[in-house]
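Student: If you scroll down you'll find the structure; I have some questions about it.
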Amino acid sequence: MSLLKEPDFGTPARAGEATVEITVDGIGVAVAPGTSVLRAAKDAGIDVPKLCATDSLEAFGSCRLCVVEIDGARGTPASCTTPVAPGMVVRTQTGKLGKLRRGVMELYISDHPLDCLTCSANGDCELQDMAGVTGLREVRYGSGVDAGANHMDLLKDTSNPYFEFDPAKCILCSRCVRACDEVQGTLALTIEGRGFGSAVSPGGTDFLSSDCVSCGACVQACPTATLQEKSVVELGMPTRSVVTTCAYCGVGCSFKAELRGDELVRMVPHKDGGANEGHSCVKGRFAFGYASHPDRVLAPRVRDSIADEWREVSWEEAITHTAQRLRAIQAEHGTGSIGAITSSRCTNEEVYVVQKMVRAAFGNNNVDTCARVCHSPTGYGLSQTFGTSAGTQDFASVADADVIMVIGSNPTDAHPVFGSRMKKRLRQGAQLIVVDPRHIDLVRSPHIEAAHHLALNPGTNVAIVNAMAHVVVTEGLVDRAFVDARCEDVPEWEAFIADPVHAPEAVEEITGVPAADVRAAARLYATAGNAAIYYGLGVTEHSQGSTMVMGMANLAMATGNIGRSGVGINPLRGQNNVQGSCDMGSFPHELPGYRHVSDGSVREVYNELWGVDLLDEPGLRIPNMFDSALDGSFRALFVQGEDIAQSDPNTGHVHAALAALDLVVVQDLFVNETAKFAHVLLPGTSFLEKDGTFTNAERRINRVRPVMPARTGKQEWQIVCEIAQAMGYPMHYDSSAQIMDEIALTTPTFAGVSFAHLDAVGSVQWPCTEQLPGGTPIMHVDGFVRGKGRFMVTPYVPTRERSTRRFPLILTTGRILSQYNVGAQTRRTANVTWHPEDVLELHPHDAEVRGVTDGDRVELSSRVGTTSLRARISDRMPVGVCYTTFHHPVSGANVVTTDNSDWATNCPEYKVTAVQVTPSTAPRAAASAHERTTVGAAGA
Amino acid sequence: MTVRVFVPKDSAAVSVGADEVADLLARAGAQVVRTGSRGMLWLEPLVEVETDRGRVGYGPVTAEDVDGLVAAGMLDGAADGLGPVEDLPWMRAQQRLTFARVGLVDPADPDDHERHGGLDGLRAALAMDPADVVTAVTDSGLRGRGGAGFPTGIKWKTVAGAASDLKFVCCNADEGDSGTFADRMLIEGDPFTLLTGMTIAAYAVGASEGYVYVRSEYPDAVAALRTAIDAARGRGWLGDDVLGSGVAFDVHVRVGAGAYICGEETSMLESLEGKRGTVRPKPPIPALEGLFGQPTVVNNVLSLASVPTILAHGADAYAALGVGRSRGTQVFQLGGNIARGGVVETAFGISLGELVETFGGGTLTGRPVRAVQVGGPLGAYLPVERFDLPMDYEAFAASGAMVGHGGIVVFDDTVDMSSMARFAMEFCAEESCGRCTPCRIGAVRGVETIDRIKAGANREADLVLLEDLCELMTDGSLCAMGGLTPLPVRSAIRHFGSDFGIPVTEEAR
Amino acid sequence: MPDYHHDGLDPVVRMAEDMVAQFAHRPPDDAAAAVAAHVRKFWDPRMRRRLVTVVDEGADVDPVVVRVAEMLSPGVPAP
């Protein structure tokens, strides 16, 4: 296997039919209108020399290498900036052009170090390639002591932990600056000075202190060694590539893992990746070092009591011991006394075998997944209204949106690669509505400003969405044709929503949002063309999460914003495989493909195939497992790759529940917080070792290919199968591909999926059937999955959680760009450079009345617990609301979060906790003691 | 009755003491009107006294001269002076159309402007169909006076035909070429003419907003323009209902930040948008995607200021002047080592020698003229042998030179042309935006190579290298900045090879 | 069971009351039927049993929750 280099067409593709025919060096080619001559030439198989052009960026016309001759045109235009015209006759290779190109290269090299042999980009340098292609043999402008003015003495900027900037090697092509502008949309880089003094600059400071978000787009775009991964500088150029899928957030970016032997040198975003199309973020691009971190557990461990020391054992002993203990507990306490939690971090195949183990080998339905604590309301709400538990669009759809409404989501931090796509569309002129208590970056950032920021009180989402729907209905903005043709339960809903209690004016007191703003936002959403809703955990992690999801679905249906590109209801999934783990039958009431366990015909399929008699009653959900552990009916838990002791709410409750269990089996990379309560620790594999598939937020099934062998010696699905076997249930697969074959065989929406198909087409979005081998990028186009879209009555029911005199502030939580979830991975990388600790953001007024100043350590208390954090005074917060992230165990946001949960799904209400903040009286040492007993945070 | 005395407020006059002279004349009891300059810069401060014979000129008048002149009866037009200004040969020999009111009127007084026929062109245009206005401008043969010489009517027609709710008219007043000052003098001396020219353009193409991009080195022009815009808005010459026609158009002033490259039209647009002033590749042309991506007329001050006279007196009258495809008049600017520097507006076709010798009177030093640079720092150097060349875009192009913005800089026989060639490269290196390689690195290498040629160690090879570099910059640069820099360099080598150590016999003249 | 919720409510009662609140716009019997249907679809039988038991034992709960428990009672599977 060798290094995979995607072809570079020089300028972006243009949409449209290939109707413009031109001739390049005698070869005819037809391309879409607006295509550059450079790209057309490439289509004709002709590489025109270039340096400043690359197909991820608009043409710039700076290097002047791609000059061509065009019949009837004056001079030698640059082919990158010249669009095709019908009948154009182009010549790319003439004596004159050759001389010009050599002249350009001669100038470049006259200001470039001649250290190719020792340069980190040797062999992967476009400048080097072009010197060869143009036949440069001599630099007559002098070198060495005769050298003219040059930049070769400029110093490197090594401040970023992952890449370095060596201005001495810079050729001023501006690809980095343009990538930062056009692809990432951060606009952190610029060219300072002019003429020969022009220099790439991160805004007059070093990269680390600049606005740079370390997405790597500049490094990716750089044609030389100027912006280079430090890993390449240290290890050398990689020699082979494996295309795989990122294991961080639900965007599901495709990457080329580039290796030297078995050593991973760098992760390079893959241009063919449907989700990311060549873009990346600081996590996926750079934060993979945790996979080789010394904290990794590589051999199984067992202990009798959590007070004992761990004992390393063989795989055989660990598996046998686990199986025997599980069976023994069932013998004593009943079939239903054990269960498992699957992980949204694991592959579809790994998740599938765990739920199969539970249903077939355990003989119950006590399986749940961490999606319970993040997007379970999405599943419920969209299933009730549309008939399927998934977002309606592909990511590319956002490029067709005219209005983008972002609710309870902070994509530029939590889903940065999609955030960049969204920002690109916003810079093109789409309007933005942000519904969030907090002033997130999107509200106002370079070239982007929200038309409306509805800074609502936490917990009042439903009141807002109902008020918007009320405006739509009462102001005659309903898309009557859509609603009449495609929806049901319309009159009931309209009667409900038209009630003046839902008017923006009536709920102003509740939401804190001026009625006029709500009306204006509703009108904009309803009338501006294609309106798309993107949302996150700020919607779901509430006691009315499911109601809110249905409320958004109502709004989209009422305005006809479903079933085409540019519209839809789009959950931004937190973890890499939230969608997949739900698809795979991880919920206690559902078999794979969202089919209720009470459905006899579905059970029959599995009974037949698995040789069992499946239970027709739902099992326990995660919070129910904790309650049942405390009441003694639930005794053993298998936890796959999930740190419930850190991530689930009300830490005190979770810890007590875990401590009450007779057996806790943890399958994980690290000795995580949950492992502290475990009796068996089964080392897991990182995404670099896995062989399987992840399904991202747009239902895209992506291949996860093993970049290196399992460092533990076993794939996780093998371990699960062996436990089932040892429990006496025959369960065996030769490969993970075989597991997918079984999924496809039993799950109609996956019928056309196989590893071979994915390897052939790259990725597909389910439903993928024999009739739809290409998958379904956009759902509900001609009809809803459930037939008619169903309007649901969505009353606003306030949360039980209220601010009081004792707990006067509302705490809400979120994420920051550089860290991921509970931080188990990112804290073991240099990403801690950006975010070494979680802080509590407080409005200046709330801080002042408490005598808190920026940087002070404060006590954060709720009805259920107290923790300690450093305060940051920030006017991003409204008065009365404070905010923290949950990436570090020491901060312990979940020590204070409560057991309030979504009424329909029990998804915890992480986003609303009444708290008090007081200046910390305890010295740092006390806080350390606290760290040992309570741990961090929320959600997926 | 108080005598009206006219003293220029033009910054060229002010720089030699016009303000002090005006003060003293006011104290002596004259009613002082501040005007623009007539363009006879060697006569500044040129004081004109209103008499029955017309405006009688005195100049140059220094502060020390005032008392004596007043005592000698100057305020009655009696003292010895230049006689009626309009009768001076320098003035009589010109055909002042664009500059008709410059030096004559008070640039801050809209009534004065209107009295001198300043609104005739706009009124005529508003009475026509917009498409007919475009046709008139096309028929007049007016070409871009900024230097490129592109037919103005064709450009307007493109903008007029572009479908958009929002179009702009942008006036390029970033007059950065060495030896040029006509834009400044027009704005300081008759800003309303520029504004009416822009309004006619806006009406013709359907634009609603105009911007004048003025270089920061022209604070007096900026002030004059802002005063005129305020006055024009007050009179309804600009605004929602221009002259009661229902046409809406307004003009805003933007001040540059000292970059020569921002005189290049696409860089100017970038700068107007608040970005770094770097060149945009074309296509797309600004006429279709200009300011903020909208269809935009970008014209030089002189092009726009020529429009009112075309509309007032008809395309034919304008087109009747000139030669070949260079129709109408050009405002030439004489500078450098010249006895009589200033502005000369005359029909195309006048010879270079006539401008330098007849109008300019040869060098200021009295030494023989050796070289003339026409068209700014990117224009070719021409030897005296080429003084027969007619001022005509095509004739100049055929001689490897360019008319440009009409600036003519004169050098006497002490000039070292290798230094001038070096300066051309140095200027390019200093002012390059840095976007394209031939200009960014090439100009620096050009300086170094000329230095080596002058040192002479490897002259032949270095001359070949310099020629290769000139070819690369000409054919490979993104804009005219890098593309034209070889013009002065190559012309200096071609005509003045001996200054580069090339044996005279090899000189190709 | 220790009260980790600090509100003295049994978890099944809290959950049932949360659901009842969502259907408060409907007549009590309708609301109870909707909640009972939801519970049958999503709750483990032991939780349903617990709700029935807690209500039977006279817990101070919303009257609609009592109605829910009555509806669930016949179908609750034995332990």
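Student: Going by what's in this entry, would A:ALA675 be described as within 14 Å of chain C (Cβ to nearest Cβ), among the small types (Gly, Ala, Ser) and in a helix (DSSP H, G or I)?
Tutor: Spelling it out, it is not the case that A:ALA675 is within 14 Å of chain C (Cβ to nearest Cβ), among the small types (Gly, Ala, Ser) and in a helix (DSSP H, G or I).
Student: Residue by residue through segment A:159-205, note down the ones that are in a helix (DSSP H, G or I) and of a type in the set (Val, Ile, Thr). Working first, answer last.
Tutor: Of segment A:159-205, the ones in a helix (DSSP H, G or I) are A:167-169, A:175-184, A:195-197.
Residues satisfying the conditions are A:VAL177, A:VAL183.
Student: A further question follows. Looking only at segment A:527-554, count how many residues are modelled with pLDDT of 95 or more and surrounded by fewer than 24 Cβ atoms within 10 Å (Cβ to Cβ).
Tutor: 3
Student: Counting only residues that are within 7 Å of chain A (Cβ to nearest Cβ) and either among the charged types (D, E, K, R) or assigned to a helix (DSSP H, G or I) (or both), how many does segment C:16-37 have?
Tutor: 4
Student: Would you confirm whether or not segment A:785-797 contains a residue that is at pLDDT below 95 and not small (Gly, Ala, Ser)?
Tutor: The answer is yes, given that some residue of segment A:785-797 is at pLDDT below 95 and not small (Gly, Ala, Ser).
Student: Right, next: Checking B:ILE453 against (1) more than 9 Å from chain A (Cβ to nearest Cβ); (2) surrounded by fewer than 23 Cβ atoms within 10 Å (Cβ to Cβ); (3) over 30 Å from the mean Cα position of the chain (by Cα): exactly one of these is not met. Which one?
Tutor: Looking at each condition in turn, B:ILE453 falls short on (2).
Student: Right, something else. State whether one or more residues within segment A:140-158 are touching a strand residue (DSSP E or B) at 6+ places or on another chain (Cβ under 7 Å) and buried (at least 18 other Cβ atoms within 10 Å of the Cβ).
Tutor: Of the residues in segment A:140-158, the ones touching a strand residue (DSSP E or B) at 6+ places or on another chain (Cβ under 7 Å) are A:156-158.
Next, only the ones that are buried (at least 18 other Cβ atoms within 10 Å of the Cβ) stay: A:157.
Looking for residues that are touching a strand residue (DSSP E or B) at 6+ places or on another chain (Cβ under 7 Å) and buried (at least 18 other Cβ atoms within 10 Å of the Cβ), one finds at least one in segment A:140-158, hence yes.
Student: For segment A:405-434, which residues satisfy the criterion of being closer than 18 Å to A:MET548 by Cβ, of a type in the set (Val, Ile, Thr) and touching a residue at least 60 places away in the same chain (Cβ under 8 Å)?
Tutor: Within segment A:405-434, A:VAL406, A:ILE407, A:ILE433 meet the criteria.
Student: Does B:GLU265 qualify as being under 23 Å from A:GLY195 (Cα atoms) and within 12 Å of chain A (Cβ to nearest Cβ)? I'd like the intermediate steps shown before the answer.
Tutor: Working: under 23 Å from A:GLY195 (Cα atoms): yes; within 12 Å of chain A (Cβ to nearest Cβ): no.
Judged against the criteria, B:GLU265 is not a match.
Student: Also: Could you tell me which numbered condition A:ASP157 fails, if it satisfies all but one of (1) free of Cβ contacts under 8 Å to residues at least 60 places away in the same chain; (2) within 23 Å of A:SER201 (Cβ to Cβ); (3) within 14 Å of chain B (Cβ to nearest Cβ); (4) not aromatic (Phe, Trp, Tyr)?
Tutor: (3)
Student: Hey, another quick one. So if I check each of B:LEU304, B:LEU382, B:LEU334, which one is touching a residue at least 60 places away in the same chain (Cβ under 8 Å), closer than 25 Å to B:ASP120 by Cα and either β-branched (Val, Ile, Thr) or not in a loop (DSSP other than H, G, I, E, B) (or both)?
Tutor: B:LEU304
Student: Still on this structure, please answer the following. Which pairs turn up if I take residues in segment A:190-202 that are facing another protein chain (nearest Cβ under 9 Å) and closer than 19 Å to B:GLY258 by Cα and look for partners that are basic (Lys, Arg) and part of a helix (DSSP H, G or I) with beta carbon separation below 8 Å, at least 6 apart in sequence or on another chain?
Tutor: A:GLY195/B:ARG440; A:PHE196/B:ARG440; A:SER198/B:ARG440
Student: Further question on the same structure: Can you confirm whether segment B:248-265 contains a residue that is in a helix (DSSP H, G or I), β-branched (Val, Ile, Thr) and outside the structural domain of B:SER477 (by TED's automatic domain parsing)?
Tutor: Scanning segment B:248-265 turns up at least one residue that is in a helix (DSSP H, G or I), β-branched (Val, Ile, Thr) and outside the structural domain of B:SER477 (by TED's automatic domain parsing).
Student: Considering only segment B:294-311, I want to know if a residue exists there that is closer than 21 Å to B:ARG435 by Cα and within 14 Å of chain A (Cβ to nearest Cβ).
Tutor: Restricting attention to segment B:294-311, the residues satisfying the condition of being closer than 21 Å to B:ARG435 by Cα are none.
No.
Student: Moving on to the next point. Checking the structure you have, find out if any residue of segment B:180-192 is of a type in the set (A, V, I, L, M, F, W, C), in contact with a Cys (Cβ under 7 Å, 6 or more places away or on another chain) and either crowded, with 24+ Cβ neighbours inside 10 Å or in contact (Cβ under 8 Å) with a residue 60 or more places away in the chain (or both).
Tutor: So far as segment B:180-192 goes, no, none of its residues is of a type in the set (A, V, I, L, M, F, W, C), in contact with a Cys (Cβ under 7 Å, 6 or more places away or on another chain) and either crowded, with 24+ Cβ neighbours inside 10 Å or in contact (Cβ under 8 Å) with a residue 60 or more places away in the chain (or both).
Student: Okay, next question. Would you mind finding the one in A:LEU630, A:LEU614 that is assigned to a helix (DSSP H, G or I) and either surrounded by fewer than 24 Cβ atoms within 10 Å (Cβ to Cβ) or in contact with a Lys or Arg (Cβ under 6 Å, 6 or more places away or on another chain) (or both)?
Tutor: The match here is A:LEU630.
Student: Would you point out the residue of segment A:778-822, among those that are part of a loop (DSSP other than H, G, I, E, B) and of a type in the set (S, T, N, Q), that is nearest to A:GLY568 (Cα to Cα)?
Tutor: In this case the residue turns out to be A:THR794.
Student: From the list A:GLY95, A:GLY75, pick out the single residue that is free of Cβ contacts under 8 Å to residues at least 12 places away in the same chain, surrounded by fewer than 17 Cβ atoms within 10 Å (Cβ to Cβ), of a type outside the set (Val, Ile, Thr) and more than 10 Å from chain B (Cβ to nearest Cβ).
Tutor: A:GLY95
Student: Starting from residues that are closer than 14 Å to C:ASP29 by Cβ and under 9 Å from the mean Cα position of the chain (by Cα), keep the ones in segment C:51-71 and report whichever is surrounded by the most Cβ atoms within 10 Å (Cβ to Cβ).
Tutor: Taking the candidates together, the pick is C:VAL68.
Student: Separate question: Look at A:VAL48 and say whether it is assigned to a loop (DSSP other than H, G, I, E, B), crowded, with 20+ Cβ neighbours inside 10 Å and either at positive phi or more than 12 Å from chain B (Cβ to nearest Cβ) (or both).
Tutor: Yes, satisfied.
Student: Let me ask you something else. Yes or no: segment B:69-83 includes at least one residue that is surrounded by fewer than 20 Cβ atoms within 10 Å (Cβ to Cβ) and within 27 Å of B:THR329 (Cβ to Cβ).
Tutor: Looking for residues that are surrounded by fewer than 20 Cβ atoms within 10 Å (Cβ to Cβ) and within 27 Å of B:THR329 (Cβ to Cβ), one finds at least one in segment B:69-83, hence yes.
Student: So for segment A:232-239 (the condition being buried (at least 21 other Cβ atoms within 10 Å of the Cβ) and either in the same structural domain as A:LEU426 (by TED's automatic domain parsing) or within 20 Å of A:HIS270 (Cβ to Cβ) (or both)), does at least one residue qualify?
Tutor: Looking through segment A:232-239, at least one residue is buried (at least 21 other Cβ atoms within 10 Å of the Cβ) and either in the same structural domain as A:LEU426 (by TED's automatic domain parsing) or within 20 Å of A:HIS270 (Cβ to Cβ) (or both).
Student: Pick out the one residue from A:ALA168, A:ALA149, A:ALA131 that is within 14 Å of chain B (Cβ to nearest Cβ), under 41 Å from the mean Cα position of the chain (by Cα), on the phi < 0 side of the Ramachandran plot and modelled with pLDDT of 95 or more.
Tutor: A:ALA131
Student: Find the residue count for segment A:294-319, including only residues that are touching a helix residue (DSSP H, G or I) at 6+ places or on another chain (Cβ under 9 Å) and charged (D, E, K, R).
Tutor: Final tally of qualifying residues: 4.
Student: Of the residues B:GLY497, B:GLY446, which single one is within 14 Å of chain A (Cβ to nearest Cβ) and within 24 Å of A:ARG140 (Cβ to Cβ)?
Tutor: The unique qualifying residue is B:GLY446.
Student: I would also like to ask the following. Tell me, yes or no, whether segment A:644-652 has at least one residue that is at the interface with chain C (Cβ under 10 Å from one of its Cβ atoms), at pLDDT below 95, over 25 Å from A:ALA724 (Cα atoms) and surrounded by fewer than 24 Cβ atoms within 10 Å (Cβ to Cβ).
Tutor: yes
Student: Kindly state which helices (runs of 4 or more DSSP H) lie completely within segment A:275-366 and contain at least 1 residues that are more than 14 Å from every other protein chain (Cβ to nearest Cβ) and over 34 Å from the mean Cα position of the chain (by Cα). Spell out how you get there, then give the answer.
Tutor: On the way: elements: A:282-286, A:315-333, A:348-356.
Because the criterion is at least 1 residues that are more than 14 Å from every other protein chain (Cβ to nearest Cβ) and over 34 Å from the mean Cα position of the chain (by Cα), the helices (runs of 4 or more DSSP H) in segment A:275-366 that meet it are A:315-333.
Student: Considering segment A:766-789 alone, what residues qualify as being among the basic types (Lys, Arg) and touching a Gly at 6+ places or on another chain (Cβ under 8 Å)?
Tutor: If the condition is that a residue be among the basic types (Lys, Arg) and touching a Gly at 6+ places or on another chain (Cβ under 8 Å), then A:ARG786 is the only one that fits.
The values are calculated or read from the model by the stated rules, or taken from the named source; none is laboratory data. Remember, it's a predicted structure, so these values are computed and weren't measured experimentally. Heads up, the Cβs are rebuilt from the backbone with ideal geometry, glycines too, and the neighbour counts pull from every protein chain shown.
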